[in-house]
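Here the structure is laid out as structure tokens; the discussion comes afterwards.
The values are calculated or read from the model by the stated rules, or taken from the named source; none is laboratory data. None of the values given here were measured: they were computed from a predicted structure. Don't worry about glycine lacking a Cβ; one is built from the backbone with ideal geometry, like all the others, and counts go over all protein chains shown. Quick note on the areas: whole protein, heavy atoms, side chains included, nothing else; ligands and nucleic acids left out. Shrake-Rupley method; radii C 1.70, N 1.55, O 1.52, S 1.80 Å.
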Amino acid sequence: PVDVEFLDLPLLTGDEDPTRVQIQSSPLFQVQKISDDLTADPGVLQAGETLRYTIRVKNVGSDNATDARLRDAIPVGTRYVAGSTTLNGSAVPDLAGGVAPLSAGIALAAPEDPTPGVMRANASPTANNVAVVTFDVVVDDNAVDGTVISNQGFVSALDGGVVDVPSDDPATPILNDPTRDIVGNLPLL
């Protein structure tokens, strides 16, 4: 928040006290998440195949974020590929035991400023204030055709008052929906 003070007008009686108006500013995140089947036939996801999730986070708000974090659980019906998480193309170390770092949350940063948690506000489509996170999972070997693999990440910046902004699958018209994949050659209804 920023306080703006308007001074009194000397010719107006009773206007001796300044008027204060508080202008609110805060980060606002656009979080998009897609999945890619990394097999020879990416049109049909099968049991035992690998999915790569790509999450793009952009601060389109009116204030910079200083503590932006992404949290994402590994989807049911899959297992995490150890060592596969990256932030802007650089490896993010796994937690103890090969656990996905996103399960506890990671600090975000755009390539323009690698300071952990810092995400500059700029809604321009050409701005380089986008953090890109990827990670891989393998679909369970015993997953039957029709199994829906659903996954969604959440971005927070508590200093900016932002809590759990959900990722959105840009391939659907529904806002803030999880990214879904179906095992087998079946439609998603």
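Kindly provide the set of residues from the range 29-56 that are over 21 Å from the mean Cα position of the chain (by Cα) and of a type in the set (A, V, I, L, M), ordered by number. If the condition is that a residue be over 21 Å from the mean Cα position of the chain (by Cα) and of a type in the set (A, V, I, L, M), then Leu38, Ala40, Val44, Leu45, Ala47 are the ones that fit.
Residues are listed down the side, and each one gets a yes or a no for (1) under 27 Å from Arg180 (Cα atoms); (2) free of Cβ contacts under 8 Å to residues at least 60 places away in the same chain; (3) open to solvent by 30 Å² or more (accessible area, probe 1.4 Å); (4) not small (Gly, Ala, Ser):
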site	(1), (2), (3), (4)
Ile55	yes, no, no, yes
Thr66	no, no, yes, yes
Leu70	yes, no, no, yes
Gly83	yes, yes, yes, no
Ala100	yes, yes, no, no
Thr115	no, yes, yes, yes
Val118	no, yes, yes, yes
Asp140	yes, no, yes, yes
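Restricting attention to the range 142-181, the residues being surrounded by 18 or more Cβ atoms within 10 Å (Cβ to Cβ), more than 19 Å from Leu102 (Cβ to Cβ) and of a type in the set (Val, Ile, Thr) number 1. Residue-level check: of (1) within 18 Å of the chain's Cα centre (by Cα); (2) open to solvent by 60 Å² or more (accessible area, probe 1.4 Å), Asn59 misses just (2).
Annotation: Gly184 fulfils all but one of (1) touching a Ser or Thr at 6+ places or on another chain (Cβ under 7 Å); (2) open to solvent by less than 20 Å² (accessible area, probe 1.4 Å); the unmet one is (1). Please tell me if Val130 is under 23 Å from Val99 (Cα atoms) and open to solvent by less than 50 Å² (accessible area, probe 1.4 Å). The answer is no for Val130. From the list Ala73, Ala121, pick out the single residue that is in contact with a helix residue (DSSP H, G or I) (Cβ under 9 Å, 6 or more places away or on another chain) and among the small types (Gly, Ala, Ser). Of the residues listed, the single one that is in contact with a helix residue (DSSP H, G or I) (Cβ under 9 Å, 6 or more places away or on another chain) and among the small types (Gly, Ala, Ser) is Ala73.
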